[in-house]
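Chemist: I have a structure I would like to understand better, so I am pasting it below and will then ask my questions one at a time.
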Amino acid sequence: MRVAPHTPIALIERYREHLPFAEGDPIVSLNEGGTPLLPAPIISEQVGADVYFKCEGANPTGSFKDRGMTCAVSAAIRDGAKAVICASTGNTAASAAAYAARAGITCAVIVPEGRIARGKLAQTLIHGARAISLQGSFDEALRIVRKLVEEHPIALVNSLNEFRMEGQKTAAFELVEELGSELDLLCIPVGNAGNITAYWRGFSELSVAPRLFGFQAEGAAPLVLGHAVEHPETVASAIRIGKPARGEQALRAAEESGGCIRTVSDTEILSAYRLMAAREGMFVEPASAASVAGLLKYGAEGAKTVVCVLTGRGIKDPEAALAQTEGAIIRCPVDMEAIEAAVLGEA
Ligand code: F0G
């Protein structure tokens with residue numbers, strides 16, 4: 001095969017010295033990582049700090065999960081696994097399905113019925129994963145997959161898998177490459193609590209220590225309440241989780257960094273969601289807007305340089321966007337005058 005001039009370097013190759021992979025190990029990659037760090041002028045002005053977006057939606061399947069999944073699936077292949085499985089609120093399922101398809105192995109996912117965004121479901125199905133729609137919550141789905149992998153030779157690729165953490169810590173490496181020790185504060189949504197844990201691992205390995213502000217949705221905030229939430233509820237379906245698998249570690253990471261985990265309401269999430277789309281040109285899914293909502297709500301608390309992690313793309317959840325813009329489309333007959341009036345805003 002001819003090598004194209006822009007042949008991408010797999011995330012595992014780029015950071016091999018920091019990752020548990022040796023030269024010659026099989027790599028399953030879709031060109032993940034290396035995501036843009038984009039200045040956010042409007043949010044910067046509102047909070048009085050230099051705010052940047054870490055655009056993780058630029059990963060191949062549209063979320064940060066790909067950083068971890070390249071590692072989890074590559075390790076599964078190295079270990080001779082023929083199948084992978086995960087419980088998911090959507091993005092992990094989409095990512096696992098894509099990397100399993102690339103690797104030529106079977107992927108099974110268990111998702112809470114009617115509770116995952118349409119785009120994520122479409123991705124999962126078109127990649128050919130065996131998708132199980134559970135009449136239960138994400139937390140129940142995770143409990144079930146943990147049991148299944150004890151009894152069957154299937155690799156678990158939820159963030160309980162250490163390779164997922166190893167891959168996801170590379171986002172922190174990229175931030176340090178770009179901002180060095182200038183980075184004062186990282187704002188990040190928290191669901192199953194793997195990502196905030198992975199960032200802290202990455203920063204710690206490079207001896208850089210920004211404060212970590214984690215944000216949970218008010219109706220799904222077990223780490224703020226101090227106990228599991230039986231029926232988590234929020235518009236941000238990706239983080240609708242009542243019993244985070246890495247909750248203890250996330251709390252420790254936030255505390256060690258001098259930060260904390262706090263809540264944002266659905267109203268605050270949606271307000272940030274609309275502001276980012278309308279003023280910054282940045283369309284993210286509601287869970288990702290939680291990081292910006294939290295920054296706007298609590299302020300930068302003296303930080304000069306702030307990064308908000310935008311975990312997933314807006315197009316993953318078209319329903320959420322359409323619900324916010326109902327009635328905005330202008331219906332028109334094929335009539336020049338009516339169209340002109342509509343185009344010019346005179347309708
Ligand atoms: N943002 C998005 C878009 C997510 O999909 C998730 C988690 C999070 C934030 C929270 O990250 O769980 O590491 O604290 N999604 C998982 C999934 C649970 O199944 O796709 P976390």
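All of the numbers you see were taken from the coordinates with simple rules; none came from a lab. Everything numeric in this text was worked out from a predicted model, so none of it was measured. A quick note on method: Cβ atoms are made from the backbone with ideal geometry, for glycine too, and the neighbour counts reach across all protein chains shown.
Chemist: May I ask you to sort His227, His6, His127, His18 by Cβ crowding, counting other Cβ atoms within 10 Å and putting the fewest first?
Modeler: Details: His227 9, His6 6, His127 21, His18 14.
Result, fewest neighbours first: His6, His227, His18, His127.
Chemist: Would you mind ranking Cys55, Cys260, Cys187 so that the residue whose beta carbon has the fewest other beta carbons within 10 Å leads the list?
Modeler: Cys260, Cys55, Cys187
Chemist: Further, regarding this structure: For Cα pairs less than 8 Å apart in space and 6+ apart in sequence, what is the mean separation divided by the residue count of the chain, i.e. the relative contact order in percent?
Modeler: Relative contact order here is 18 percent.
Chemist: Note down the magnitude of the dipole of region 65-161 about its Cα centre, charges +1 on Lys and Arg C-beta and -1 on Asp and Glu C-beta and zero elsewhere, to the nearest 20 debye. Write out the running numbers ahead of the final one.
Modeler: Working: 12 positive and 7 negative charges, 49 e Å.
I would put it at about 240 debye.
Chemist: Taking the DSSP beta bridges in region 3-150 as the whole, what percent of them are antiparallel, to the nearest 5?
Modeler: Around 25 percent of the beta bridges assigned by DSSP in region 3-150 are antiparallel ones.
Chemist: As a test of understanding, state the convex hull volume per residue of the chain from its alpha carbons, in Å³.
Modeler: In the chain, the Cα hull volume divided by residue count equals 166 Å³.
Chemist: Among the aspartates and glutamates, which have Cα under 16 Å from the Cα of Lys82 when same-chain residues fewer than 8 positions away are ignored?
Modeler: Within reach: Glu150, Glu151.
Chemist: With a 10 Å Cβ neighbour count serving as the proxy for reagent exposure, in which order, fewest first, do Ile329, Ile315 appear?
Modeler: Going from least to most buried by this count: Ile329, Ile315.
Chemist: DSSP beta bridges in the chain, what fraction antiparallel, as a percent rounded to 5?
Modeler: Taking every DSSP beta bridge within the chain, about 15 percent pair in antiparallel fashion.
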